[in-house]
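The values are calculated or read from the model by the stated rules, or taken from the named source; none is laboratory data. Computed from a predicted model, the values in this text were never measured in an experiment. Cβ atoms come from the backbone with ideal geometry, glycine included; neighbour counts cover every protein chain shown.
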């Protein structure tokens, strides 16, 4: 068949790109425009091989093979197939398992079935050498692509380089069309619109009993959540960086070892009710919270099907986006504006029943991965921030200037 296929080892491509642009191979240090990256791979493959593209196979690791937000975006793109191996943690480092074996099996099967005339390999692992040799024996031309190395040395197996029919280097100019380094200290999601309740929470003094044994007072909390966490390197190691709204974990970390739980300030609201085992909620939820229906109660069978279609095809799974999507559906189906006013008055705490449903919805997108079935604290902030931002959009025209 006169067509080309691209096999991408995502761990190699993005890890090498991170080394080149951010100075270390951690993929958390880069931001990727996956649509631009896929289009770039397609254009380059068709140009180099002079053959039309059949398909791009994207091989990556994921905890328990659960698709992550980037995988969900990729797998619905035209001509893209995602294959997931396992992602395991050993000695404090994450490692892919089964990805090389999957690439080897796909490469040999495609060559044996004469599915293409040219195959492009974006990888650096010498374990693919037998698969490369088998593909050549079946008459397939093998193109090996490398990412420009950060230190001027090879970041590919020399045996792979020697065996390839053609070799190309994806240089910094090509990479930066779709990948960029993150700014140090950036946030993953826009914060919710500041409101008076936030200032009241941040200004609430911690009880003296909570500070005994720490040896010092905690650093002053910033006025707005967007400034949270900055400049706290000198704080006591037992005091977590302030993140805007104190969580149960934040307050628990301020207690001396073995101390009895200190009472909460009367005017403080603990935002995250899902941090079990830290600080019990002393105040019951407002009675009106019980009257708010859940999304499941408001959703018909037909709407559930449409929601699932949207989740699969258009929702990428970014925590902030997940919160927005959930809130949009819930608010559109509430109907009663009185419910919306009740909810707005409860800010920043999401009613417990709705909050639990929100987190269960987020779990569908792999946000529980490698957290021991717990959503990461930073992700929970982003999920709820997205929820409240959508609520703010809906209530913006109804709020008075004083309420804002």
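Screening the candidates 289, 327, 283 for the property of being at pLDDT 90 or above and either over 27 Å from residue 73 (Cβ atoms) or under 20 Å from the mean Cα position of the chain (by Cα) (or both) yields one hit, 327. The residue that is nearest to residue 311 (Cα to Cα), among those in segment 355-381 that are modelled with pLDDT under 85 and part of a helix (DSSP H, G or I), is 363. Condition check: assigned by TED's automatic domain parsing to the domain that holds residue 13, farther than 25 Å from residue 149 by Cβ and either surrounded by fewer than 17 Cβ atoms within 10 Å (Cβ to Cβ) or touching a helix residue (DSSP H, G or I) at 6+ places or on another chain (Cβ under 7 Å) (or both). Does residue 134 satisfy that? Criteria met by residue 134.
Close Cβ contacts (under 6 Å, 6 or more residues apart or on different chains) running from residues in segment 298-327 that are over 26 Å from residue 381 (Cα atoms) to residues that are not in a helix (DSSP H, G or I) are absent.
Counting only residues that are buried (at least 17 other Cβ atoms within 10 Å of the Cβ), more than 19 Å from residue 26 (Cα to Cα) and modelled with pLDDT under 90, segment 138-171 holds 1 of them. The requirement of being modelled with pLDDT of 85 or more, over 17 Å from residue 70 (Cα atoms), crowded, with 17+ Cβ neighbours inside 10 Å and in contact with a helix residue (DSSP H, G or I) (Cβ under 8 Å, 6 or more places away or on another chain) is satisfied by residue 389. The set of residues in segment 72-93 being in contact (Cβ under 8 Å) with a residue 60 or more places away in the chain and in contact with a strand residue (DSSP E or B) (Cβ under 7 Å, 6 or more places away or on another chain) consists of 87 alone. Checking the structure you have, find out if any residue of segment 180-202 is assigned to a strand (DSSP E or B), at pLDDT 50 or above and surrounded by 14 or more Cβ atoms within 10 Å (Cβ to Cβ). Yes. The criterion of at least 3 residues that are in the same structural domain as residue 139 (by TED's automatic domain parsing), surrounded by fewer than 17 Cβ atoms within 10 Å (Cβ to Cβ) and modelled with pLDDT under 95 is met by the following strands (runs of 3 or more DSSP E) wholly inside segment 25-113: 80-90, 93-97. Entry remark, segment 41-61: residues being in contact with a helix residue (DSSP H, G or I) (Cβ under 7 Å, 6 or more places away or on another chain) and farther than 15 Å from residue 81 by Cα number 1 in total. Check segment 306-317 and report whether any residue there is in contact with a strand residue (DSSP E or B) (Cβ under 9 Å, 6 or more places away or on another chain), outside the structural domain of residue 35 (by TED's automatic domain parsing), under 30 Å from residue 33 (Cβ atoms) and modelled with pLDDT under 85. There is no residue in segment 306-317 that is in contact with a strand residue (DSSP E or B) (Cβ under 9 Å, 6 or more places away or on another chain), outside the structural domain of residue 35 (by TED's automatic domain parsing), under 30 Å from residue 33 (Cβ atoms) and modelled with pLDDT under 85.
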